[in-house]
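Before anything else, here's the structure in question.
No value in this document is a laboratory result; all are computed from the given coordinates. Since the structure is predicted, the reported quantities are computational estimates derived from the model, not experimental observations. Using ideal geometry, Cβ is built from the backbone for each residue, glycine included, and neighbour counts are taken over all protein chains shown.
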Amino acid sequence: MAERLSARQAIAALTGATPAGAPVAFTELPAPNDTAAPDGPLGWPGYDESRARAARRTGEDESVVCGTARVGATEAVLISFEFGFLGGSLGERTGDRLEAVYTLARERRLPVVSLIATGGSRMQEGMRALLQLQRVARQSALTRAAGLPQIAVVRDPTTGGGWATLGAGADVVLALPGAQIGFAGSRVRPPDADPYAYTAEAQLTAGHIDAVVRPEALRDTVDHWLTLLTGGPGGGAVTAVDPPAALGHTEPPATGWDAVSLARDPERPRAEAYLDAYFTSREAVNGDRCGGVDPGTLCGFGVHDGRTVAYAAQCGTATLPAGYRTAARLIRLADRLGLPVLTLVDTPGAANDAEAERAGAGAAIADLFAAVATARVPVTSLLIGEGGSGGALALAAPGNTWATQDSYFSVIAPEPATAILKRPPEETRTTAAQLKLRPQDLLSLGVIRGIVPPAGS
């Protein structure tokens, strides 16, 4: 079991702590006026006494502590759950406080960081408690529409509606090691349920959270994320970024097959090399939030020339449906936050096996096409290797795609094109030439905007 922090200990872990252990420079939001009926809306016998005992035990008068503080250089709204107060459950008073603090975030244009540890909705308030999830979801949606980032730090345990709203609904989801995470709490799961499925580590593997962060690294990690996600122009125009400089072969390929061979060279620089050269620092987003992760698609945010840039990069493998969905999630988040996007195109094509079809390859590719097409922020693309058909084109920016000399883009790869045309295999090189897939061919056809030179040239 992960270490369980109190609400104020969790805040102190982000902001620093005084010698007495209290959070540094945390301004607590006053609690809304309390007009609750005795023993709550259901008249649940003993409910008021349960609350009083919880208050004596924790020093808190509700299951959330809300306010503002600086996390590193960024002022943020903080929401911290006190699990010791009736299991961090959500009741009407909790909803009142959450609505008030989200309203404050929008009024002051502040990002929201939620430090979550909750068992779900408060049974002693019945359906009135469950309805608070709708209030929370609405406040989160309004904050999202206002272009303000939301980061969730999932503590132990986080289950029920708190996970299904504040947690899983955040833009970036971080979790402490070993934290219990899941919609179903431990007492209501099937008796044969695999307990590992409800851990932070399992949720990371399934693409439902972005990272598992050690407690000692939490402050720096959240600080970095806040710096990245609030790095937009603040209402000004968002300008496109320049494509990265070429890192590999610098001479134009002589033939179509030469272009294909250069792109398939195992020694050719891949996405990781380009990202490392382009960004001074970066953080990754993980997974498609639908149960899938594609290790061949890297997405996240980084700092380039002092500004935040979102990136989605293919790594030269066949792209899985989860990769397309993760890239679409990344682009839509960048669009909401007003951050430019860089994409690196490098795939022989979309994965086309039976598992990919069951996972919705077509729908995932369609969704990425739509995300790129409707983005209000500028998208810059660089073709750094193979550009295999629609599986590559989905990540390419219309009118702002560039290429390296060791790349190719084709309606279909030469080998299947040869087979479809019922040509013998020895005519593959001829087919490659006819496809006009070399970078210089793409430029003359108006498919790309230009061929990038190497650094320093």
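Give me the number: length gained by fully extending LEU42 to ARG138, i.e. 0.36 nm times residue separation minus the C-alpha to C-alpha distance, one decimal in nm.
Gain in length upon complete extension: 32.1 nm.
Given 0.36 nm per residue, what is the gain on full extension from LEU131 to ARG358 after removing their alpha carbon distance, in nm? The partial results should precede the final answer.
On the way: separation 227, 0.36 × 227 = 81.72 nm, distance 3.52 nm.
Full extension of this stretch gives 78.2 nm more.
Hey, another quick one. Given axes a ≥ b ≥ c from the Cα gyration tensor, I'd like to know whether the range 228-330 is rounded (a/c under 1.5), prolate (a/b larger than b/c) or oblate.
Verdict is oblate for the range 228-330.
Now a separate question. Antiparallel versus total DSSP beta bridges in the chain: what percent is that, nearest 5?
If I count the DSSP bridges inside the chain, around 40 percent turn out antiparallel.
Let me ask you something else. Work out the charge dipole of the chain with +1 on the Cβ of Lys and Arg and -1 on the Cβ of Asp and Glu about the Cα centre, then indicate which of PRO424, ALA354, VAL113 is farthest towards its positive end.
Towards the positive end, the residue furthest out is VAL113.
On a C-alpha basis, how far is the centre of the range 29-55 from the centre of the range 203-244 in Å? Whole number, if you could?
That distance is 38 Å.
A further question follows. In percent, what relative contact order does the chain have, based on Cα pairs under 8 Å that are 6 or more apart in sequence?
Relative CO of the chain lands at 11 percent.
Sorting CYS66, CYS290, CYS315 on the 10 Å Cβ count, fewest up front, what's the list?
On the way: CYS66 23, CYS290 16, CYS315 19.
Ranking CYS66, CYS290, CYS315 by Cβ neighbours within 10 Å, fewest first, gives CYS290, CYS315, CYS66.
Could you please report the charge total around PRO32, scoring K, R as +1 and D, E as -1 over all other residues with beta-carbon less than 14 angstrom from its beta-carbon?
Computed value for this residue: -4.
Using amide H atoms built in the peptide plane, which far-off residues or other-chain residues are under 5 Å from ALA351 H to H?
Amide H neighbours of ALA351, under 5 Å, 5+ apart: THR319, LEU320.
Can you work out the base-10 log of I(q)/I(0) for the range 1-146 at q = 0.13 1/Å, using the Debye formula on its C-alpha atoms alone?
-0.58
Normalised by the number of residues in the range 7-229, what is the relative contact order in percent for Cα pairs under 8 Å and 6+ residues apart?
Details: 443 pairs, mean separation 37.2, N = 223.
Dividing the mean separation by the residue count of the range 7-229 yields 17 percent.
If packing is taken as the average count of other Cβ atoms within 10 Å, what order do 103-114, 291-302 fall into, highest mean first?
291-302, 103-114
Around LEU275, with a cut-off of 14 angstrom between Cβ atoms, what is the net charge of the other residues, counting Lys and Arg +1 and Asp and Glu -1?
With Lys, Arg at +1 and Asp, Glu at -1, the neighbours total -2.
Go through [x] 1.54; [y] 1.01; [z] 1.12 and flag the label whose value is the computed Cα Rg over 2.2 N^0.38 Å for this structure.
Only one option fits the structure, namely [z].
How much length would be gained if the chain were fully extended between ALA31 and SER186, taking 0.36 nm per residue of separation minus their Cα-Cα distance, in nm to one decimal?
Taking 0.36 nm per residue and subtracting the Cα distance, the gain is 52.7 nm.
I would also like to ask the following. What percent does the relative contact order of the range 256-451 come to when contacts are Cα pairs within less than 8 Å and at least six residues apart?
20
Per the Kirkwood definition applied to all pairs of different Cα atoms, how many angstroms is the hydrodynamic radius of the range 384-457?
About 13.0 Å for the range 384-457.
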